[in-house]
Amino acid sequence: MKADRDLKVYIKTFGCQMNERDSESAAALLSADAFSITDSEKDADILIFNTCSVRDQAERKAIGKIGILKRLKRSRPHIFIGIMGCMAQSRGAELLKEIPHLDFVIGTGQLHRLPEIIKSEIRKRHKTVFDELARPDFNALAAHLADTENNFSASIAVMTGCNRFCSYCIVPYVRGREHSRPPDEIIEEAEKLVASGVREILLLGQNIAAYGLDGKSPPKDAFSPFAELLEKLNNIDGLYRIRFTSPHPAYFNDRLIDAVTSLPKICESIHLPLQSGSDRILKLMNRPYTSAHYMSVVNKLKSKSPRMIFSTDVIVGFPGETEDDFNATRGIMNEVAFDNAFIFKYSKRRDTLAAEMPEQLEQKIKEERNKILLEDLAERTGRYNASLVGKILEVMAEGPSKRNSSRWAGRSSSNKIVIFEPESSVSSGSLINVKIERSTPMTLFGKIQVS
Ligand code: SAH
Ligand code: SF4
Ligand code: F3S
């Protein structure tokens with residue numbers, strides 16, 4: 001076996017932005033220790049899969065991917081394969097039985113121990129599961145890679161866990177209870193990132209509008225620790241854009257609405273998970289708001305910030321969802337005119353209340369409803385994007401477009417992808433004005449405007 005410092009680690013991420021962030025922390029911890037990080041699966045000595053359990057499909061995808069590594073392990077028997085993240089937390093030792101060529105399983109509460117665990121496991125060479133759901137180590141959460149290519153944008157986990165227990169959702173079981181990081185630590189992390197060239201920050205938390213409350217009920221309209229955090233971040237010189245995900249509508253109170261609409265660095269696009277437009281289903285989902293409350297939050301945001309656009313998460317085919325319930329979801333989606341939506345077919349998750357509910361719906365119904373909402377969405381975004389032709393948008397340049405590297409891609413404050421011909425002065429993170437000349441439902445195309 002090579003010395004630890006010669007070992008190359010490959011990390012592949014499945015799941016949400018929180019998992020992406022955890023993978024970055026893991027990579028930073030490993031490279032600060034003795035390991036080097038590689039993006040080549042074939043060169044790696046240690047392969048780690050950071051997994052998601054939110055839907056059955058997410059688990060199957062990761063298991064399928066790890067399953068086919070059996071051959072790689074046969075040809076390179078010294079390699080070490082591990083699973084971390086939410087599926088590791090949820091299924092622990094089962095995974096070692098199911099995947100014989102797997103070497104270790106590390107749950108979400110053990111991320112900070114990754115370098116130490118890998119080193120000792122390699123020496124022992126027997127299979128182990130580390131799945132104690134400990135309070136997260138905030139220092140590990142703050143570790144970032146010095147990424148030279150893409151360092152205009154970074155994300156920060158401001159809290160971990162979730163206390164909401166929506167009846168369909170596995171996240172509280174695999175991520176533990178809410179723990180908010182102290183504001184000073186978050187500001188320090190943001191300032192360091194900005195000093196290293198970051199111009200846009202994405203704040204992450206499963207129940208981010210409840211930041212600082214750690215399990216307390218939604219507060220009165222005048223109080224929001226998350227709004228206070230946003231105000232502090234907005235004061236950082238050299239930071240240009242702030243985004244956040246995901247706020248729960250029950251915590252999106254007037255104090256937060258005021259902050260989001262008055263602070264200039266907060267982007268003009270809000271991701272506000274709806275889940276269902278039917279009050280009956282929302283209740284069964286243990287989502288403590290009504291469709292009317294949801295609309296009142298959206299309408300307040302729209303009236304204070306008319307350019308604000310919205311995206312959402314919606315579940316179709318929740319147990320007992322009738323045609324009327326589904327139409328209520330469809331109706332509110334059209335009313336808000338969501339510009340983007342993640343539409344999910346309900347998937348039974350272990351330990352959750354909804355998994356035991358009667359009236360589980362057939363896959364066929366879920367597929368039909370999913371298709372209808374996707375068609376509505378494509379129609380709406382096509383129309384909305386077309387309405388932007390002729391307008392000038394402020395775009396943060398990202399880098400060469402994937403399809404045609406002579407052109408560049410960037411994003412508007414409203415999170416629209418904009419393709420343009422670059423000029424020599426433009427680099428990743430530059431803010432430029434682009435006049436939109438053409439649109440498709442997914443993309444806008446335009447020309448840089450010289451002011
Ligand atoms: N914390 C975020 C969501 C995290 S999970 C929030 O509260 O909005 C991301 C999305 O996955 C959820 O918004 C939900 O729409 C979807 N989801 C969660 N559990 C699911 C399940 N069992 N079946 C289908 N979709 C699910
Ligand atoms: Fe899951 Fe609900 Fe928590 Fe979001 S708020 S992570 S949907 S339990
Ligand atoms: Fe999946 Fe875990 Fe995120 S279950 S959605 S990776 S918090």
Conditions (1) at pLDDT 95 or above; (2) within 16 Å of ligand 1 (Cβ to nearest atom): number failed by residue 264: (2)
Restricting region 208-234 to residues that are out of contact with any helix residue (DSSP H, G or I) (no Cβ under 7 Å at 6 or more places or on another chain) and either within 15 Å of ligand 1 (Cβ to nearest atom) or at positive phi (or both), which is modelled with the lowest pLDDT? 215
Within region 246-264, the residues that are among the polar types (S, T, N, Q) and either out of contact with any Gly (no Cβ under 8 Å at 6 or more places or on another chain) or free of Cβ contacts under 8 Å to residues at least 60 places away in the same chain (or both) are 253, 261, 262
Looking at (1) surrounded by fewer than 22 Cβ atoms within 10 Å (Cβ to Cβ); (2) touching a residue at least 60 places away in the same chain (Cβ under 8 Å); (3) within 16 Å of ligand 1 (Cβ to nearest atom), can you tell me which one residue 28 breaks? (3)
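Here is a yes/no grid of residues against (1) within 16 Å of ligand 1 (Cβ to nearest atom); (2) touching a residue at least 60 places away in the same chain (Cβ under 8 Å); (3) not assigned by TED's automatic domain parsing to the domain that holds residue 231:
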| residue | (1), (2), (3) |
| --- | --- |
| 159 | yes, no, no |
| 168 | yes, yes, no |
| 179 | yes, no, no |
| 187 | no, no, no |
Does region 129-148 contain any residue that is touching a strand residue (DSSP E or B) at 6+ places or on another chain (Cβ under 8 Å) and of a type in the set (Ser, Thr, Tyr)? no
Result of the Cβ filter at 7 Å on region 265-291, keeping first residues that are closer than 13 Å to residue 319 by Cβ and partners that are among the polar types (S, T, N, Q), at least 6 apart or interchain, is 276/329; 278/329; 284/167; 285/167; 285/275; 285/276; 286/167
Among the candidates 40, 23, 31, which residue alone is assigned by TED's automatic domain parsing to the domain that holds residue 107, in a helix (DSSP H, G or I), among the polar types (S, T, N, Q) and modelled with pLDDT under 95? 31
State the number of residues belonging to region 132-155 that are within 16 Å of ligand 3 (Cβ to nearest atom) and buried (at least 20 other Cβ atoms within 10 Å of the Cβ). 3
Those residues of region 43-71 which are part of a helix (DSSP H, G or I) and among the basic types (Lys, Arg), in sequence order: 60, 61, 65, 70, 71
Matching residues in region 408-433 - criterion: being more than 22 Å from residue 340 (Cβ to Cβ) and free of Cβ contacts under 8 Å to residues at least 24 places away in the same chain: 424, 425
Would you be able to say whether some residue in region 59-68 is under 27 Å from residue 167 (Cβ atoms) and among the small types (Gly, Ala, Ser)? yes
Taking the condition of being at positive phi and away from ligand 2 (no atom under 16 Å from the Cβ), how many residues in region 82-124 meet it? 1
Mind listing whichever residues of region 23-71 are of a type in the set (S, T, N, Q) and within 28 Å of residue 350 (Cβ to Cβ)? 23, 25, 50, 51, 53, 57
Kindly indicate the residue of region 290-321 that is of a type in the set (Ser, Thr, Tyr) and farther than 26 Å from residue 54 by Cβ and also surrounded by the fewest Cβ atoms within 10 Å (Cβ to Cβ) among those meeting that condition. 303
Could you grab the pairs with beta carbons closer than 9 Å, sequence gap of 6+ or different chains, first residue in region 344-370 and at pLDDT below 95, second one within 15 Å of ligand 3 (Cβ to nearest atom) and in a loop (DSSP other than H, G, I, E, B)? 350/53; 350/170; 351/170
Those strands (runs of 3 or more DSSP E) lying entirely in region 323-414 with at least 2 residues of a type in the set (A, V, I, L, M): 340-345, 392-400
Would you point out the residue of region 156-186, among those that are at positive phi and in contact with a Lys or Arg (Cβ under 8 Å, 6 or more places away or on another chain), that is surrounded by the fewest Cβ atoms within 10 Å (Cβ to Cβ)? 176
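The values are calculated or read from the model by the stated rules, or taken from the named source; none is laboratory data. Please read these numbers as outputs of a predicted model, since none were measured by experiment. Ideal geometry is used to build each Cβ from the backbone, glycine not excepted, and the neighbour counts take in all protein chains shown.
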